[in-house]
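Reviewing the structure listed below.
The values are calculated or read from the model by the stated rules, or taken from the named source; none is laboratory data. These numbers come from a predicted model, not from an experiment. Note: ideal-geometry Cβ built from the backbone for every residue, glycine included; neighbour counts use all protein chains shown.
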Amino acid sequence: MRKINPSVVAALVAALTLTTTAACSGGDSADDGPVKLVFRQFDPAGEVKGLQAAVDSWNKSHPDIQVDLQTLSPNNVQQLAREANSGSGPDIAQVGFADVAFLAKPKILLPLDDLMGKDPLPAGGDDLLATDMTDVDGKRWALPWTADTMALAYRPTALKAAGIAQPPTTWEQLADDAVKISKQTGGKTAGFCFGAAGSATATQWFAINYYLWDHGHALVTKGQDGSWQPGLSQQDLTSAIDFFAGLFTSGATPKAFLSIDNYSDPSIANGLANGSCAMTYEPPQTFATLAKQANGSVTTAPVPGGLKDGATHLGGRALAINRNTEHPEAAWQFMKYLASPATFKTYQQYPASKSTLSGLDVPKDQQGFVAQLPHARSFARYIGSSMPVASIQQLVNQQFSAVYSGQSSSDQAAKAILDGLTSGMAG
């Protein structure tokens, strides 16, 4: 048998060790140079130039802790879980609020309670929004970082030309105003634009829930005995479906939007900027981008019912530490920086810290978001049953769209949704 040189074996072992530790934290420590951290975020690269600037600023002022910003878009929480369970992955990960409960398991995330206790946030943990989405089983598994919601984005000149003095404050008023605008322009400007496709991720989901919540309903509710059930009657759900289907039959929304999936689709975002759409709903980052194209011709207001507590959703991003990181204290230091006002000077998002948000210099055309955010509530109201929120969204989008396209009646669709919710929550 051929003998193996002991020095070769030693070299191989060293290489393997380096590869394993480099999978998280880069394999460096304060003993042999600066701590190197990997921070992964999932927003499109074109939307995070301000975040890169904030990271660059950190690296310049913290030579002992260097951070590599990586982008993996779109969000892939399953990949993060696979990596963490194999002992690898980024040190710090941006995660969606709805992903935290899934990731709050051994070998995936590191609970933050000890780190927050030893090195508290300047304004304390009670200063944060959406902690109901980041706290699981009495522990905080992620730090609420950014907050967003969907505000009404509109062209004031389009409303004025149709004799409408103010943006709508009820969904019924929105439908009426949208019809007036479409008729006044002979269809050249669509009164209300939204992505009405039946895909699993179609963003009509937000408008549907906003309408339901504003009218005192919810798709699912948790009873006092801990059991989950549909939160509305078939009649209530049929009425909601009829409202949205009526936008197409009345001409308020062109039928071309039946194939549109997302609020960022050019037919919506560019349409609002160039005048072919009068009203839609957008999150802050998308609105900020299209507002630059529109040269001051668009602005925001709360969506109908948006000033009512719980009538809109509170979304956003959280920061989590990979349980495998070799440098949890350094990771926490960097996370505190990301949550500070310094980051939001260049990063065009709204902070989940109420004190930081109150001190933010928000452009006039984005005041609709600022007015609405304190009243928004998270999708935690749907989390906890045997049916994931993503499955509820898919069911609802498919059935609503089936009515828009004439494949189903509103009664049939409502029954299908309620049956699907009942069976899904039964496990």
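Filtering region 207-243 to residues that are modelled with pLDDT of 95 or more and of a type in the set (Ser, Thr, Tyr) leaves Tyr210, Tyr211, Thr221, Ser233, Thr238, Ser239.
If you go through region 175-199 and keep only what is crowded, with 23+ Cβ neighbours inside 10 Å, outside any loop (DSSP other than H, G, I, E, B) and not small (Gly, Ala, Ser), you end up with Asp177, Ile181. Restricting to region 85-125, name every residue that is surrounded by fewer than 18 Cβ atoms within 10 Å (Cβ to Cβ), more than 22 Å from the chain's Cα centre (by Cα) and part of a helix (DSSP H, G or I). Within region 85-125, Asn85, Asp113, Asp114, Met116, Gly117, Lys118 qualify. Among the conditions (1) crowded, with 17+ Cβ neighbours inside 10 Å; (2) outside any loop (DSSP other than H, G, I, E, B), the only one that Ala371 does not satisfy is (1). When Asp265, Asp361 are checked against the criterion of being surrounded by fewer than 21 Cβ atoms within 10 Å (Cβ to Cβ) and in the same structural domain as Thr203 (by TED's automatic domain parsing), a single residue qualifies: Asp265.
Name the residue that is farthest from Trp58 (Cα to Cα), counting only residues in region 337-361 that are part of a helix (DSSP H, G or I) and among the polar types (S, T, N, Q).
As a first pass, look at region 337-361 and keep what is part of a helix (DSSP H, G or I): 337-338, 341-344, 354-358.
Narrowing further to those that are among the polar types (S, T, N, Q): 343, 355-356, 358.
On the way: Thr343: 9, Ser355: 22, Thr356: 18, Ser358: 23 Å.
Among residues in region 337-361 that are part of a helix (DSSP H, G or I) and among the polar types (S, T, N, Q), the one farthest from Trp58 (Cα to Cα) is Ser358.
Screening Leu357 on (1) in contact with a strand residue (DSSP E or B) (Cβ under 6 Å, 6 or more places away or on another chain); (2) modelled with pLDDT of 90 or more; (3) not hydroxyl-bearing (Ser, Thr, Tyr) shows it passes everything except condition (2).
Determine whether Ala278 is in contact (Cβ under 8 Å) with a residue 12 or more places away in the chain and aliphatic (A, V, I, L, M). Break it down into steps so the answer makes sense when it comes.
Numbers: in contact (Cβ under 8 Å) with a residue 12 or more places away in the chain: yes; aliphatic (A, V, I, L, M): yes.
Taking the combined requirement at face value, the residue satisfies it.
All conditions in (1) at pLDDT 95 or above; (2) not in a helix (DSSP H, G or I) hold for Thr422, with the sole exception of (2).
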